[in-house]
Amino acid sequence: MTVDALTDVAGLRVGHATRRGDGWLSGTTVVLAPEGGAVAAVDVRGGGPGTKETDALDPRNLVRTVEAVVLTGGSAYGLDAASGVMAWLEERGRGVRVGPDPCHVVPVVPAACVFDLGRGGDFRARPDAVTGREAVEAAAASEPGGPVPQGCVGAGTGATVGPLKGGVGTASTVLASGITVAALVVANAAGSAVDPETGVLYGELFQGRVEYPDRRVHEAARRRLDEAAARNASPPLNTTLAVVATDAELSKAQAQKLAGTAHDGIARAVRPVHLLNDGDTVFALSTGARPLAADQPLALNDILAAGADTVTRAIVRAIRTAEPVHGPAGTWPSYGELYEPSS
């Protein structure tokens, strides 16, 4: 049975550390690979990225697998959360072996951050190594194949998409071949997820027939979004992060191609995208449980297409599950609050 989440890729676990109140509106999300790691790659498209250990994922370089990926709030300050994850992994002897003793390891933990500084009221309230450890411990304690909390949790706690509240979303699909492809996204974009003419989420236009909001509801929603944008003091320094994963056996080069095509999923759901104010970053993970059949040369194409599709669906989930924030540093209404007030 699947749960339509990143954890449908067997062996992957997700944990959140969420900080709200007393000036906080931020957090960290950790994707924990199975012991022995997962083949990993990355593709960065935004003009203002904040990342750590991404060069190690280049197919030309030595590192082949990683033990975890960290997505965090706090802008570049929040990348310190990866230190807490590294410490937790080192204590368990998980990482690249660099000496004769089994404890001589260096965990490779790539990380990327979103900008949410000051959205809770305190500019200095941002994730650190303690937050990272809490998130990885939550991942390790989670049920294998279990559901993943979505919305304003973890790295999505302070996320926004334009003047609208963003968050964490996840989705998965099983291909006809039996291969699973899944994505987890932190939707925090400078662009918009909503068609200004109709109020429909861009990402839902790619999922078939959609129900258009009532014109009066949409006009009222646009007025509220304009008012919120005028009140919010924070600059549009944002980033959408994603982890797209599969149980298919991919090389690092193939995984990097998956990370690249998965960016198409962001472009379908957010407009404009990959701006100078964004740091859009997609990680790709392969657990290698299912070899690609040599007699199916187009199997990789199916995986690439599914990666983009699941990223789009995950962004829609993030926005639909987000809760509104009305705080001292700004107001970010949720899509549900504006367009589904009776739900």
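Given the criteria free of Cβ contacts under 8 Å to residues at least 60 places away in the same chain, within 25 Å of Thr170 (Cβ to Cβ) and open to solvent by 20 Å² or more (accessible area, probe 1.4 Å), does Leu79 qualify? Talk me through it step by step, then tell me what you get.
Details: free of Cβ contacts under 8 Å to residues at least 60 places away in the same chain: yes; within 25 Å of Thr170 (Cβ to Cβ): yes; open to solvent by 20 Å² or more (accessible area, probe 1.4 Å): yes.
Yes, satisfied.
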Self-check item: Residue satisfying all of: in the range 103-121; under 15 Å from Ala76 (Cβ atoms) and within 19 Å of the chain's Cα centre (by Cα); most open to solvent (accessible area, probe 1.4 Å) among these
Solution: Phe115
Practice problem: Identify all residues within the range 167-191 that are in contact with a helix residue (DSSP H, G or I) (Cβ under 8 Å, 6 or more places away or on another chain) and not aliphatic (A, V, I, L, M); write none if there are none. | Solution: Gly167, Gly169, Thr170, Ser172, Thr173, Ser177, Thr180, Asn188
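May I ask you to verify whether Val108 is out of contact with any Lys or Arg (no Cβ under 9 Å at 6 or more places or on another chain), assigned to a loop (DSSP other than H, G, I, E, B) and touching a residue at least 24 places away in the same chain (Cβ under 8 Å)?
Values: out of contact with any Lys or Arg (no Cβ under 9 Å at 6 or more places or on another chain): yes; assigned to a loop (DSSP other than H, G, I, E, B): yes; touching a residue at least 24 places away in the same chain (Cβ under 8 Å): yes.
Taking the combined requirement at face value, the residue satisfies it.
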Quiz prompt | Number of positions in the range 177-193 that are over 22 Å from Val153 (Cβ atoms) and surrounded by 15 or more Cβ atoms within 10 Å (Cβ to Cβ) | solution = 5
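If we scan the range 118-137, do we find a residue that is part of a helix (DSSP H, G or I), touching an Asp or Glu at 6+ places or on another chain (Cβ under 9 Å) and β-branched (Val, Ile, Thr)? Don't jump to the end; show me each part of the working.
Taking the range 118-137 as the starting set, the residues that turn out to be part of a helix (DSSP H, G or I) are 129-137.
Add one more test, that the residue is touching an Asp or Glu at 6+ places or on another chain (Cβ under 9 Å), and what stays is 129, 131-132.
Still in the list and also β-branched (Val, Ile, Thr): 131.
Within the range 118-137 (the criterion being part of a helix (DSSP H, G or I), touching an Asp or Glu at 6+ places or on another chain (Cβ under 9 Å) and β-branched (Val, Ile, Thr)), the answer is yes, since at least one residue qualifies.
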Quiz item: Hey, among the residues in the range 162-176 that are assigned to a strand (DSSP E or B) and more than 13 Å from the chain's Cα centre (by Cα), which one's surrounded by the fewest Cβ atoms within 10 Å (Cβ to Cβ)?
Solution: Val174
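Taking the range 177-194, which residues are in a strand (DSSP E or B) and over 18 Å from Arg231 (Cα atoms)? Give the steps one after another, and end with the answer.
Taking the range 177-194 as the starting set, the residues that turn out to be in a strand (DSSP E or B) are 180-187, 192, 194.
Those that are in a strand (DSSP E or B) and over 18 Å from Arg231 (Cα atoms): Thr180, Val181, Ala182, Ala183, Leu184, Val185, Val186, Ala187, Val194.
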Self-check item: Candidate set: the range 82-102, residues that are assigned to a loop (DSSP other than H, G, I, E, B) and either open to solvent by less than 60 Å² (accessible area, probe 1.4 Å) or among the aromatic types (Phe, Trp, Tyr) (or both); chosen: the one farthest from Arg13 (Cα to Cα)
Solution: Gly99
Practice problem: Go through (1) more than 25 Å from Phe115 (Cβ to Cβ); (2) touching a residue at least 24 places away in the same chain (Cβ under 8 Å); (3) not aliphatic (A, V, I, L, M) one by one and return the number of the condition Asn301 breaks. | Solution: (2)
Practice problem: Answer yes or no as to whether Thr240 is of a type in the set (S, T, N, Q) and in contact with a Gly (Cβ under 6 Å, 6 or more places away or on another chain). | Solution: no
Quiz item: Taking Ala10 and the conditions (1) farther than 19 Å from Leu258 by Cβ; (2) small (Gly, Ala, Ser); (3) open to solvent by 20 Å² or more (accessible area, probe 1.4 Å), which numbered condition does it fall short on, given that it satisfies the others?
Solution: (1)
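The values are calculated or read from the model by the stated rules, or taken from the named source; none is laboratory data. Just so it is clear, the model here is predicted, and its values are computed rather than measured. Note that each Cβ is placed from the backbone with ideal geometry, even for glycine, and that neighbours are counted across all protein chains shown. Protein only, heavy atoms only, side chains kept; ligands, DNA and RNA dropped before computing areas. Shrake-Rupley method; radii C 1.70, N 1.55, O 1.52, S 1.80 Å.
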